[in-house]
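J.: Before we start, here is the structure in question, set down as structure tokens.
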Amino acid sequence: MTQDMHPENFKAVYDRFQANVSRFDCGRFCSPLNEGQPVCCDTKHAIPVVDKPEFELLKTRSDLWHKYKPTDANARKIVAELHKGCMAVECKGARFCERDNRTLACRAFPFYPYFDKKGELLGLGTYWIFADRCWLISNMQVVEREFVKEFIDAYEYVFQRDSEEKDAMKRHSASHRRISTRYNKPILLIGKEGGFLKVMPRTAEVRIASARDMVKTGPYKSPRAYARAVKEAGGEMPAQSPFID
């Protein structure tokens, strides 16, 4: 990121972006598959990346966060390839979460701001590599409208001050389109004004998505698949069913 984002700007981002993603505690559904730890709170799966001014802000608010130390070759590669203005961080774990002191990456997960080929912000795309582990990606219908509104507001605030971050998200969107074409699967989005959209592979044509486009993935395909995955992971079935209409 550029120096246009300072610690006080990230405070403004946090103030804008406080809504819960849904009324469900989605970590209760993925944690039985991951030794009791929500996937998004486990650096074995997702390493939070912050801009250095954001970390400066967090250090003044809490001792929740510390610099992440890679534990394997893949993690070392991820850290080595970070922009010099960014850093990888790690928290004390989900049990110690302080909601007011979550990073922007934590608040947004598993979503990123999706831009079309013309550079228009259309809505919320998902980090596709987590589709086999993240319950929310298979249940996007539960995402609250207030979350979408605050997500867009927060990122537009950032983009107004940091063109590099905006360009990075445009590149990530383009990469998602290439993946979509490779696997011949549309990209499902939550529209910034509400509803769902799908970006067609190859053409990148944007269409209105229907209920049948809401594909469930991995262990969330069916109750039977989920029960089998929990058993294989040695976890315990949650009290509430992860299969929401």
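The values are calculated or read from the model by the stated rules, or taken from the named source; none is laboratory data. Computed from a predicted structure; not experimentally measured. Backbone-built Cβ (ideal geometry, glycine too); neighbour counts: all protein chains shown. Heavy atoms of the whole protein, side chains included, go into the accessibility calculation; ligands, DNA and RNA do not. Shrake-Rupley method; radii C 1.70, N 1.55, O 1.52, S 1.80 Å.
J.: Given the options P7, P38, P53, name the one that is closer than 21 Å to E165 by Cβ, of a type outside the set (A, V, I, L, M, F, W, C), open to solvent by less than 30 Å² (accessible area, probe 1.4 Å) and modelled with pLDDT of 95 or more. Don't jump to the end; show me each part of the working.
T.: Values: P7 fails: open to solvent by less than 30 Å² (accessible area, probe 1.4 Å); P38 fails: closer than 21 Å to E165 by Cβ.
Only one candidate passes the filter, namely P53.
J.: Follow-up. Select from segment 59-93 the residues that are open to solvent by 30 Å² or more (accessible area, probe 1.4 Å), closer than 18 Å to H45 by Cβ and of a type in the set (G, A, S) and list them in ascending order.
T.: A73
Yes/no per residue for (1) under 30 Å from E81 (Cβ atoms); (2) within 15 Å of the chain's Cα centre (by Cα); (3) among the basic types (K, R):
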{"position": "R133", "(1), (2), (3)": "yes, yes, yes"}
{"position": "R171", "(1), (2), (3)": "yes, no, yes"}
{"position": "S180", "(1), (2), (3)": "yes, no, no"}
{"position": "K198", "(1), (2), (3)": "no, no, yes"}
{"position": "K231", "(1), (2), (3)": "no, no, yes"}
{"position": "G234", "(1), (2), (3)": "no, no, no"}
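J.: Does segment 10-35 hold any residues that are open to solvent by 30 Å² or more (accessible area, probe 1.4 Å), in contact (Cβ under 8 Å) with a residue 40 or more places away in the chain and on the phi < 0 side of the Ramachandran plot, and which are they? It would help to see each step written out before you state the result.
T.: Going through segment 10-35, the residues open to solvent by 30 Å² or more (accessible area, probe 1.4 Å) turn out to be 11, 15-16, 18, 20, 23, 25-26, 28, 33, 35.
Restricting the remaining residues to those that are in contact (Cβ under 8 Å) with a residue 40 or more places away in the chain gives 11, 16, 18, 20, 23, 26, 28, 33, 35.
If the condition is that a residue be open to solvent by 30 Å² or more (accessible area, probe 1.4 Å), in contact (Cβ under 8 Å) with a residue 40 or more places away in the chain and on the phi < 0 side of the Ramachandran plot, then K11, R16, Q18, N20, R23, C26, R28, L33 are the ones that fit.
J.: Check V199 against each of (1) closer than 30 Å to L57 by Cβ; (2) open to solvent by less than 10 Å² (accessible area, probe 1.4 Å) and name the one condition it does not meet.
T.: All conditions are met except number (1).
J.: While we're here: Among (1) buried (at least 16 other Cβ atoms within 10 Å of the Cβ); (2) free of Cβ contacts under 8 Å to residues at least 60 places away in the same chain; (3) in a loop (DSSP other than H, G, I, E, B), which single condition is S180 missing?
T.: Result: S180 passes all but (3).
J.: Still on this structure, please answer the following. Counting only residues that are free of Cβ contacts under 8 Å to residues at least 60 places away in the same chain, give me the strands (runs of 3 or more DSSP E) lying completely in segment 57-139 with at least 1 of them. Lay out the reasoning, then the answer.
T.: Values: elements: 65-67, 86-91, 111-115, 121-126.
Those strands (runs of 3 or more DSSP E) span 65-67, 86-91, 111-115.
J.: Right, something else. Checking the structure you have, find out if any residue of segment 129-139 is of a type in the set (D, E) and touching a helix residue (DSSP H, G or I) at 6+ places or on another chain (Cβ under 7 Å). I'd like the intermediate steps shown before the answer.
T.: Of segment 129-139, the ones of a type in the set (D, E) are 132.
With touching a helix residue (DSSP H, G or I) at 6+ places or on another chain (Cβ under 7 Å) added as a condition, the list becomes 132.
Within segment 129-139 (the criterion being of a type in the set (D, E) and touching a helix residue (DSSP H, G or I) at 6+ places or on another chain (Cβ under 7 Å)), the answer is yes, since at least one residue qualifies.
Here's the yes/no breakdown for (1) open to solvent by less than 70 Å² (accessible area, probe 1.4 Å); (2) in a helix (DSSP H, G or I):
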| residue | (1), (2) |
| --- | --- |
| A174 | yes, yes |
| R212 | no, yes |
| A227 | yes, yes |
| G235 | yes, no |
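J.: Right, next: Is it the case that some residue within segment 186-195 is of a type in the set (A, V, I, L, M), assigned to a strand (DSSP E or B), modelled with pLDDT of 95 or more and touching a His at 6+ places or on another chain (Cβ under 9 Å)? Let's see the steps before the verdict.
T.: Pass one, segment 186-195, residues of a type in the set (A, V, I, L, M): 187-190.
Still in the list and also assigned to a strand (DSSP E or B): 187-190.
If we keep only those that are modelled with pLDDT of 95 or more too, we end up with 187-190.
Keeping just the survivors that are touching a His at 6+ places or on another chain (Cβ under 9 Å) gives 187.
Among the residues of segment 186-195, at least one is of a type in the set (A, V, I, L, M), assigned to a strand (DSSP E or B), modelled with pLDDT of 95 or more and touching a His at 6+ places or on another chain (Cβ under 9 Å), which makes the answer yes.
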